[in-house]
Amino acid sequence: MTVHHKILIADDDASIRLVLSQAFSRLGYQVRATGNATTLLKWVSEGEGDLVITDVVMPDENVFDVLPRIRKERPKLPVIVMSAQNTLLTAVNAAEIGAFEYVPKPFDLDDMTAAAKRALTRPADAEATKAQARAVRDERLPLIGRSAPMQDVYRTIARLVSADLTVLILGESGTGKELVARALHDLGPRRDGRFAVINLAAVPRERVEAELFGRGEGDIGKLIEADGGTLFLDEIGDMPLDAQTRLLRVIDGSEATINPRTGRRPNVRIIAATNRDLRSLIQQGLFREDLFFRLNVARVRLPPLRDRTEDIPDLARSFLLRAHREGLPAKAIDAAALERLKTYDWPGNVRELENLIRRICALYAEDLITARIVERELQDQNTAPTEASGPVTLASLVERHLAGYFADQPDGVPPAGLYDRVLQEVEHPLIRLTLAATRGNQVRAAEILGLNRNTLRKKIQDLGVEMSRNKR
């Protein structure tokens with residue numbers, strides 16, 4: 001380890017200054033530490049330091065106001081920002097204003113030293129001066145949570161906001177995939193353009209291409225509608241193969257779609273999301289592998305609510321405030337109720353939690369939500385299979401999946417045509433696996449399934465099931 005690198009540490013908490021100073025000194029770095037921004041700026045202007053590690057809130061100034069001056073004075077000096085205000089806004093502001101890295105408090109010391117090593121060993125030209133982006137000060141953020149999994153999400157979003165790359169968002173139903181897509185749009189350079197959405201699970205398969213590309217005669221479709229902005233393709237795993245092929249041509253530039261308003265090809269950032277395993281769909285012949293690679297340029301993976309239960313109190317209180325703003329009675333929630341919410345499995349994730357809070361606000365006269373009320377509502381839902389309920393069955397798995405789907409819908413109500421969509425989801429793997437087991441023998445497969453052979457043949461055609469004719 002070289003002893004020439006000097007690290008400047010700024011934090012008004014003396015214990016944090018001591019811990020970081022000792023850690024970096026043991027690693028062979030020179031260290032200077034201060035409790036205010038004024039001294040930090042003085043050291044920087046005098047040419048001291050190869051790396052700055054600073055808290056956001058200082059006694060004399062906010063570092064988001066100081067960092068532009070550091071960038072102007074020493075544009076190649078890397079700065080690591082740390083903060084206990086662990087919100088998406090903090091991460092995005094840190095990235096937009098030129099910080100090398102954002103580290104939430106409380107931090108893991110190994111993570112901090114690893115970030116410092118990356119900053120000090122980066123290529124010399126990697127920190128080219130950037131124009132300072134517009135600071136985002138709207139505290140009404142779409143994503144809530146201070147847990148470690150959400151901090152990873154915030155850092156990823158912060159890196160992707162200005163990159164204008166195609167993004168694939170992965171996560172279970174109800175985890176907030178559309179909120180991430182909206183954050184990438186609203187906080188990025190396309191914020192003044194249109195954010196157009198297609199929920200591919202809610203659109204009949206025969207109408208997907210028309211929704212995306214328009215029907216002609218003035219119906220421009222979502223692709224043209226999003227020109228200059230963002231096109232969000234929700235539940236991309238449900239897109240029919242024909243539409244996948246055409247979307248691929250749009251992404252690689254071979255699609256001849258023209259915006260009639262401009263006479264040019266639409267300039268659109270594509271963000272896709274799914275709760276399904278696309279690689280499994282590729283193996284089943286239901287999703288194009290080349291489209292997957294085009295969409296999977298950058299990836300955001302959202303954690304399920306059961307993996308970030310420490311965020312439930314903040315989420316619940318936020319939903320109570322939102323419900324009151326929308327006209328429902330104002331209510332508070334006690335600590336025991338919050339603890340009960342934290343022990344539930346949440347198959348419908350954040351959307352299920354929000355729907356439960358809204359339902360309690362609407363149905364109960366009490367001003368205080370107690371554990372008894374929460375318990376009653378959770379028992380009524382009865383959507384989460386438990387070990388006590390016996391072995392996991394196909395019915396319980398389907399019920400769990402559907403509970404998450406219902407919870408992911410606005411007001412908990414899916415669009416029309418649900419019955420046929422669910423049947424298609426079940427029928428396709430059932431027929432495909434039966435045909436695989438019979439080596440493509442349709443007579444035998446029809447017998448096993450209890451179907452007429454002509455009925456089976458029609459379903460194979462309608463569902464797009466690929467035939468397997470492997471020899472024994």
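Below is a table of values for the structure above.
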| item | result |
| --- | --- |
| Residue in the range 318-337 that is under 22 Å from ALA148 (Cβ atoms) and of a type in the set (A, V, I, L, M) present | no |
| Some residue of the range 267-274 being surrounded by fewer than 16 Cβ atoms within 10 Å (Cβ to Cβ), in a loop (DSSP other than H, G, I, E, B) and not assigned by TED's automatic domain parsing to the domain that holds LEU435 | yes |
| Test: GLY285 is more than 25 Å from the chain's Cα centre (by Cα) and within 25 Å of LEU433 (Cα to Cα) | yes |
| Pick from the range 164-179, criterion hydrophobic (A, V, I, L, M, F, W, C) and in contact with a Ser or Thr (Cβ under 9 Å, 6 or more places away or on another chain), ranking: surrounded by the fewest Cβ atoms within 10 Å (Cβ to Cβ) | LEU170 |
| Count of the range 51-104 residues which are assigned to a loop (DSSP other than H, G, I, E, B) and free of Cβ contacts under 8 Å to residues at least 60 places away in the same chain | 16 |
| Count - residues of the range 105-116 that are in a loop (DSSP other than H, G, I, E, B) and either closer than 20 Å to GLY35 by Cα or touching a Phe, Trp or Tyr at 6+ places or on another chain (Cβ under 7 Å) (or both) | 3 |
| Search result, residues across the range 191-206 that are at pLDDT 90 or above and either farther than 22 Å from LEU160 by Cα or surrounded by 20 or more Cβ atoms within 10 Å (Cβ to Cβ) (or both) | PHE195, ALA196, ILE198, ASN199, LEU200 |
| Number of positions in the range 211-238 that are under 23 Å from GLY285 (Cα atoms) and over 20 Å from the mean Cα position of the chain (by Cα) | 1 |
| Residue satisfying all of: in the range 5-17; touching a residue at least 12 places away in the same chain (Cβ under 8 Å) and farther than 16 Å from VAL81 by Cα; surrounded by the fewest Cβ atoms within 10 Å (Cβ to Cβ) among these | ALA14 |
| Output for the range 161-212, where each listed residue is within 27 Å of ASN355 (Cα to Cα) and among the charged types (D, E, K, R) | GLU172, LYS177, GLU178, ARG182, ASP186 |
| Unique residue being in the same structural domain as GLU255 (by TED's automatic domain parsing), without any contact (Cβ under 8 Å) to a residue 24 or more places away in the chain and not aromatic (Phe, Trp, Tyr) when the list is ARG207, ARG194, ARG190 | ARG207 |
| Test: residue in the range 278-295 that is in contact with a strand residue (DSSP E or B) (Cβ under 6 Å, 6 or more places away or on another chain) and either in contact (Cβ under 8 Å) with a residue 24 or more places away in the chain or crowded, with 19+ Cβ neighbours inside 10 Å (or both) | yes |
| Filter result for the condition that a residue is in contact with a helix residue (DSSP H, G or I) (Cβ under 6 Å, 6 or more places away or on another chain) and surrounded by 14 or more Cβ atoms within 10 Å (Cβ to Cβ), over VAL52, VAL63, VAL44 | VAL44 |
| The lone exception for ARG308 - which of (1) without any contact (Cβ under 8 Å) to a residue 24 or more places away in the chain; (2) of a type in the set (D, E, K, R); (3) touching a helix residue (DSSP H, G or I) at 6+ places or on another chain (Cβ under 8 Å) it fails | (1) |
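The values are calculated or read from the model by the stated rules, or taken from the named source; none is laboratory data. Please read all numbers here as calculations on a predicted model, not as lab measurements. Every residue, glycine among them, receives a Cβ derived from its backbone with ideal geometry; neighbour counts consider all protein chains shown.
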